[in-house]
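A short write-up of the structure that comes next.
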Amino acid sequence: MPGPAQTLLRPGAVECAKIGVFLPEFLRETGPNMSQQLIIFDTTMRDGEQSPGASMTREEKVRIGRQLERLRVDVMEAGFPAASPGDFEAVKAVASVIRDSTVCALARAQENDIRRAGEAIAPAASGRIHTFIATSPIHMEKKLRMTPEQVMEAAIRAVTLARTYTDDVEFSCEDAVRSDPDFMCRIIEAVIDAGARTINIPDTVGYAIPFQYGALIESLIKRIPNAHRAIFSVHCHNDLGLAVSNSLAAVLSGARQVECTVNGLGERAGNAALEEIVMAIRTRHDVFNVDTRIDTTQIVPVSRLVSTITGFPVQPNKAVVGANAFAHESGIHQDGVLKHRETYEIMRAEDVGWNANKLVLGKHSGRSAFKARLKELGIELDSEVAVNTAFQRFKELADKKHEIFDEDLHAIVSEELTEPQNEHYGLISLMAHSETGELPQARLVVSVGGEECATQSHGSGPVDATFKAIEKVVNSGASLQLYSVNNITSGTESQGEVTVRLARGGRIVNGLGADTDIVVASAKAYLSALNKLDVRVERMSPQL
């Protein structure tokens, strides 16, 4: 099916173009009271997943996909189906449940990749194939070992084949910023003639500077004879901290699709942050004559969900979604905000979803209410056994803390949806002791391959003692790369969410654990990481 429309909208319009309608004449003149739609293309599940340790299961991608649909992203790139059987199934699963957004699959300009992508998006109400090939001299010579003409032929073949699966085909010039503009004009003109309806100009290595990147986009649109038949897109990496600035410069120069990720997640320094792009467009509509169809009140919920699933906490001073984004320490600022919010705040916290983690359940809530709230959150457990187990965890948590929020439910479900076959290690019991002047110690009973093993150790603190005790049993040989603690909700009785990152043999994984007891959460996170470390999944990670 075709992709999102490029229609003209009045400022403040709530409804943007419907999925499945394609009007490519987006560069026509607009009057002073008219604005154009900016397509938000989310690649959290594909490019974001390439962050070390951020791999997602099929069930986790479905949960993120449902939340992105509530956010009302136009396109969500669900993965790279040719990378592995697991990636193929994950993309297919997302395509099967999403109805209000286009589901996209990435493919190299190779026949097998295109066919796998086409098969994966087959169930989608609106599906897109995104194919790419490198166009910079260094990539063509050193990586592809192909001539420019061979690259052009491969691109045309890929787009032509992709069109047999869907009318909505996107083509990317990998490493576009370091490519020869004349060659890019030739290859882009050719793939548009072959049927590509979105042209992506990625800054693959985060090398661009805003004014230069904007000039490149403007030049391509003006020079390519059939540019009016395609939507121009940008995909910027954040190696120099300029991903959002480069993306916005491109919008000013005529780009009408921005590829971005929740929380700026992505390999190396990450990608352009979706929340920053969207709120910049909305807040500075006087500069950017475009609108998005994003429901901004869903920004904080999706940020928290992605953080929970990937194990990448959001730094407090992160724009829009950081804990300090709307906090004011200065007395002068506090006084100004109390007198008139706009003295120091250019956005309202509630507009992006802060304070949306409403109290939903308590210790007296029943199983039906629990299931109903999970359904409202877009969470579907695949069996009554899973529902019962999750409900039991909910009741145990409700005995420890009186107020249960949506974030708590997501944490419970994240534990429940861990693949059973990956649970080689599990926590049965833990006793930790810490006293001033005494050496902290931990005693644990852990499950190893179904057998209970008792272990104990001292350490510099209760968490250190816990990790050392676990290693006495498992002897994993892994090195601890990251230990991070984040409270899921506010208050001293909040669950602590712990992220543990382990590395071994060049492989990096994140483990997550949540509990009202930080030491218990730490043990869960460490064992979760060990379970992932012992499951070897071979997959390819494309650079784009």
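None of the figures in this text is laboratory data; all of them are computed from the coordinates on show. These numbers come from a predicted model, not from an experiment. For neighbour counting, all protein chains shown are included, and Cβ atoms are generated from backbone atoms with ideal geometry for every residue, glycine included.
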What net charge is computed for the residues neighbouring PRO313, neighbours being all others with C-beta under 12 Å from the C-beta of PRO313, Lys and Arg scored +1, Asp and Glu -1?
-> +2
Around ILE518, with a cut-off of 15 angstrom between Cβ atoms, what is the net charge of the other residues, counting Lys and Arg +1 and Asp and Glu -1?
-> -2
Sorted from fewest to most neighbouring beta carbons within 10 Å, what does the list THR160, THR204 look like?
-> THR160, THR204
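Using r as the Cβ-Cβ distance of GLN456 and ASP517, and R0 as 22 Å, what FRET efficiency do you calculate, to the nearest 0.05? All intermediate terms of the calculation are to be shown ahead of the outcome.
Working: r = 18 Å, r/R0 = 0.80.
Plugging the Cβ-Cβ distance into 1/(1 + (r/R0)^6) gives 0.80.
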Residues with amide H under 5 Å from that of ILE133, placed H, sequence gap 5 or more | SER172, GLU174
Magnitude of the charge dipole, the range 199-321, Cβ model with Lys/Arg +1 and Asp/Glu -1, debye to 20 = 200
Rounded Å value of the spacing that divides the Cα centres of the range 247-264 and the range 119-155 = 21
Taking a crude spin-label model, label points 7 Å out from Cα along the C-beta direction, the ASP100 to MET431 distance in nm is 5.2
Residue by residue through the range 430-444, which ³J(HN,Hα) values in whole Hz follow from phi under the Karplus form 6.51 cos²θ - 1.76 cosθ + 1.60 (θ = phi - 60°), with glycine and proline marked x?
-> 8, 10, 10, 10, 9, 8, 4, x, 10, 7, x, 9, 9, 10, 10
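Given R₀ = 45 Å, FRET efficiency for GLN392-GLN481 by Cβ-Cβ distance, to 0.05? Numbers along the way, then the final one.
On the way: r = 33 Å, r/R0 = 0.73.
So the FRET efficiency works out to roughly 0.85.
So between GLN110 and SER84, what do we pick up on full extension, going 0.36 nm a residue minus the alpha carbon distance?
Details: separation 26, 0.36 × 26 = 9.36 nm, distance 1.53 nm.
Stretched out fully, the GLN110 to SER84 stretch lengthens by 7.8 nm.
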Show the residues, 5+ positions off or on another chain, whose built amide H is closer than 5 Å to the amide H of GLY511.
-> VAL500, ARG501, LEU502, ALA529
Sort MET184, MET431, MET152 so that the residue with the fewest other Cβ atoms within 10 Å of its own Cβ comes first and the one with the most comes last.
-> MET431, MET152, MET184
Mind listing the phi-derived Karplus ³J(HN,Hα) values for the range 133-147, rounded to whole Hz, using 6.51, -1.76 and 1.60 with θ = phi - 60°, and x for any glycine or proline?
-> 7, 5, 10, 7, x, 5, 6, 5, 7, 8, 9, 7, 6, 10, 7
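With Cβ to Cβ distances under 10 Å as the rule, what net charge do the other residues near LEU248 carry (K, R +1; D, E -1)? Intermediate values should be presented prior to the final figure.
Values: positive: ARG284; negative: GLU276.
Residues close to LEU248 contribute a combined charge of 0.
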Computed curve, the range 359-414, Cα-only Debye sum without solvent term, log₁₀ I(q)/I(0) at 0.22 Å⁻¹, is -0.77
Give a residue-ordered list of calculated ³J(HN,Hα) values for the range 181-186 (Karplus: 6.51 cos²θ - 1.76 cosθ + 1.60, θ = phi - 60°; whole Hz; x for Gly, Pro).
-> x, 4, 5, 4, 4, 5
If each residue's Cβ is checked for other Cβ atoms within 10 Å, how do CYS173, CYS260 rank with the fewest at the top?
-> CYS173, CYS260
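How much length is gained on full extension from THR164 to HIS424, taking 0.36 nm per residue of separation minus their Cα-Cα distance?
On the way: separation 260, 0.36 × 260 = 93.60 nm, distance 4.38 nm.
Length gained between THR164 and HIS424: 89.2 nm.
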Stretchable slack from VAL205 to ASP399, in nm (0.36 nm times residue separation minus alpha-carbon distance) | 64.9 nm
Sorted by chain and number, the residues with a modelled amide H under 5 Å from that of THR292, at a separation of 5 or more or across chains, are LEU38
